[in-house]
Protein chains: 2
Amino acid sequence: MEFKRLKYFLAVAEELHFGRAATRLDMAQPPLSRQIATLEAELGVQLFDRSRSQIRLTQAGAVLQDHARQILDRLDAAYRETKLIGSGGAGRIRIAFVGSASHGLLPTLIKSFRSFYPDVELALSAMNNAELQHALVSREIDIAVARPELKDEEFRRELLCRERLILALPDNSRFSGQSEVRLTDLADQTFVLYPRRPRPSYADVVLGICEREGFKPAGLELTQDFQSAISLVSVGVGLSVVPESVGRTQRPGVIYRPYVGYNPGTALTVHARLDNRAPQVMNFMDITRKFARKH
Amino acid sequence: MEFKRLKYFLAVAEELHFGRAATRLDMAQPPLSRQIATLEAELGVQLFDRSRSQIRLTQAGAVLQDHARQILDRLDAAYRETKLIGSGGAGRIRIAFVGSASHGLLPTLIKSFRSFYPDVELALSAMNNAELQHALVSREIDIAVARPELKDEEFRRELLCRERLILALPDNSRFSGQSEVRLTDLADQTFVLYPRRPRPSYADVVLGICEREGFKPAGLELTQDFQSAISLVSVGVGLSVVPESVGRTQRPGVIYRPYVGYNPGTALTVHARLDNRAPQVMNFMDITRKFARKH
DNA sequence: TCGTGCGATACCTTTTGGGTATCAGACAAC
DNA sequence: GTTGTCTGATACCCAAAAGGTATCGCACGA
């Protein structure tokens, strides 16, 4: 059974005239007659009653007409829907990001993507860098937003933003009154850093900054993620060094301050597997590139 | 878009292996690869992710798989249903018959057809010969059961049965006591005959019998159909001459008697248009032929 | 590093589909 | 009745498409 035959059949069934149907189908009449004859032979059924000058559908033809209409409609729907998903206009992307990204440009990027592709479903989750790396490699996620980035040759990457580091201090800290704090003055403080595992991690970046400033923090508290670290700061366990964007969201018990001292800053980078050419993912990376350029 | 391609695509989508899919489809692997590639090109969409050794469906591929399954199922259903109707195993026949046929072999014939083709819908109606002829020619009906038959070269016909004529007498008639009545003794009676129009009709057949017996009925009442004639007999208006089979159904106020005299009998004949080769109709004629032979 | 497995490509053959010319039958007008 | 016209079917040819075999290229595992 050929698909084209059904289309031909429908044209003849509607025109009830081979010549006109052929014109409508933009073809000559003889091949059309032959195709209908083939269809009839294939079904072993008479579809048209040709005994009069005006042809008419047989009962079997009428039934086939109903079915053919539905089948062609479905086919068209399948065609369009597949193309839509194939072009990335619909479907699903699984995105994971580091906890500290939830305050900065990422939410805006996601809103922007949503406005371009409202029919693409986004499955969001938070992970630390190591988990992001594993999830991306094992294809559990499609997009990883890491800080500052994941080292892997298998990934395609787009820099989302660079930002400076600032201090997150308990609001009862003796430094909280000052508008500017020297990093070296904090040598006697407890630093709350993350993640605990695996090392080296962002915690080591901060410890490296301290070392460069010539001190080692008097106390060190390691948490599994950014959210836990900020919680510890808010209850006065110690202070933390965090990306600037985090400071834009106020949190009870925590105040943010810039500091004087070595500030290499940090970055957010969006990653995808190089071999994941899914149009949804490609589109997300494109939007990211344009978005980063604009901000 | 070709149907074959969808079938091929489904095989590959299920096997996730071109070689195995090709084996299952009983073809070589290269043309299968090409067909899938053509399908992808046609949709402008990647259906399989071939970046790993094990191929996998893309999102678009998964969507197309759903649709393709449904489309092929529908196609199969269309195929089967059309064949069924095309073979006469389902569908509809419009049958009309003379009123006097509803007591004889016709109901049994119809039951017999029903048992052979339970899924064929029968639309039944009663008409006189002239109406049957017109309805059959104008394709308002497919089958006409007439008495004794319709004269038209355009009809295919099967003799259903021959039968003798008998008298239908009012039960208060002076003849109703006799087991046998001479036709010539009825010359002074009123004959109730049918149909009134158009002439000549069955009424004229009966009048011809009287003429051959050498008399003309004293009274003549013409009705439009058999049912009305029997009703008039039952209320004592006169007597009628009817097919033998009618006598098998008793009716209050009417008794049936054979008669002595010229009895050419009558027949029931089943007609269809010669150019109506609808399988349902052909099957009905076949059943009629076998049925008539058996009885 | 080399084999092995798998999909893609090259190239040929067969099948199918479409085109033009023409036939055959039905219907209408004269 | 005869003839012209309309319509679907048939004959025949050519182009396009689909299938087959041989082989390539690439990735993965030993």
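Readers should treat all values here as calculations from the given coordinates under stated rules, not as data from a laboratory. None of the values given here were measured: they were computed from a predicted structure. Methodologically, a virtual Cβ is constructed for each residue, glycine included, from the backbone with ideal geometry; neighbour enumeration extends over all protein chains shown.
Couple of notes before you dig in:
- Quotient of the Cα radius of gyration of the range A:3-86 and 2.2 N^0.38 Å, N being its number of residues: 1.18.
- Closest approach of a chain A Cβ to the axis relating A and B (residue, whole Å): A:3, 2.
- Averaging the sequence gap over all C-alpha pairs within less than 8 Å and six or more residues apart, then dividing by the number of residues, gives the range A:3-86 a relative contact order of 27 percent.
- Rounded to the nearest 20 debye, the dipole magnitude of the protein assembly as shown is 480 debye, with +1 charges on Lys and Arg beta carbons, -1 on Asp and Glu beta carbons, and the Cα centre as origin.
- Modelled spin-label separation between residue B:23 and residue A:227, with each label point placed 7 Å from Cα along the Cα-to-Cβ direction: 5.0 nm.
- Beta bridges by DSSP in chain B, antiparallel share as percent, to the nearest 5: 60
- Share of pairwise Cα separations in the range B:103-192, more than 23 Å, in percent: 48
- For the range A:138-176 versus the range B:271-295, the gap between their alpha-carbon centres in whole angstrom: 85
- Cα-based shape type of the range B:165-264, given that a ≥ b ≥ c are square roots of the gyration tensor eigenvalues and the cut on a/c is 1.5: rounded
- With its label point put 7 Å out from Cα toward Cβ, residue A:176 sits 12.0 nm from the same residue's point in the other copies, in order from shortest.
- Across chain B, the fraction of Cα-Cα pairs farther apart than 24 Å, rounded to a whole number, is 63%.
- Ordering B:25, A:208, B:58 by the projection of their Cα atoms onto the charge dipole of the protein assembly as shown, which places +1 on the Cβ of Lys and Arg and -1 on the Cβ of Asp and Glu, puts B:25 at the extreme positive end.
- Between the range B:228-268 and the range A:89-113, the C-alpha centres lie 93 angstrom from each other.
- Distance from the Cα centroid of the range A:1-61 to that of the range B:188-224 is 53 Å (rounded to whole angstrom).
- Computed about its Cα centre, the charge dipole of the range B:165-264 is approximately 160 debye, with only Lys, Arg, Asp and Glu carrying charge at their Cβ.
- D (Stokes-Einstein, µm²/s), Kirkwood Cα radius, the protein assembly as shown, 0.890 mPa s at 25 °C: 75
- Among beta bridges that DSSP assigns inside the protein assembly as shown, antiparallel share in %, nearest 5: 60
- Based on DSSP H segments of at least four residues, each scored -39500 (n - 2.57), chain A has a per-residue ellipticity at 222 nm of -13000 deg cm²/dmol.
- Each copy carries a label point for residue A:26 at 7 Å from Cα along the beta-carbon vector; from one copy to the others these points are 3.7 nm apart, nearest first.
- Overall form of the range B:47-172 per C-alpha gyration tensor (a/c, 1.5; a/b vs b/c): prolate
- Dipole of the range A:64-105, positive direction: furthest Cα of A:85, A:105, A:71, with charges on the beta-carbon: A:105
- With the simple model of a label 7 Å out from the Cα in the direction of the Cβ, residue A:124 to residue B:140 spans 7.2 nm.
- Which of A:193, A:236, A:166, positive extreme of dipole for chain A (C-beta unit charges): A:166
- The same position residue A:248 in the other copies lies at 9.6 nm from this copy, comparing label points 7 Å beyond Cα toward the beta-carbon, shortest first.
- Taking every alpha-carbon pair under 8 Å whose residues sit at least 6 apart, chain B reaches a relative contact order of 22 percent.
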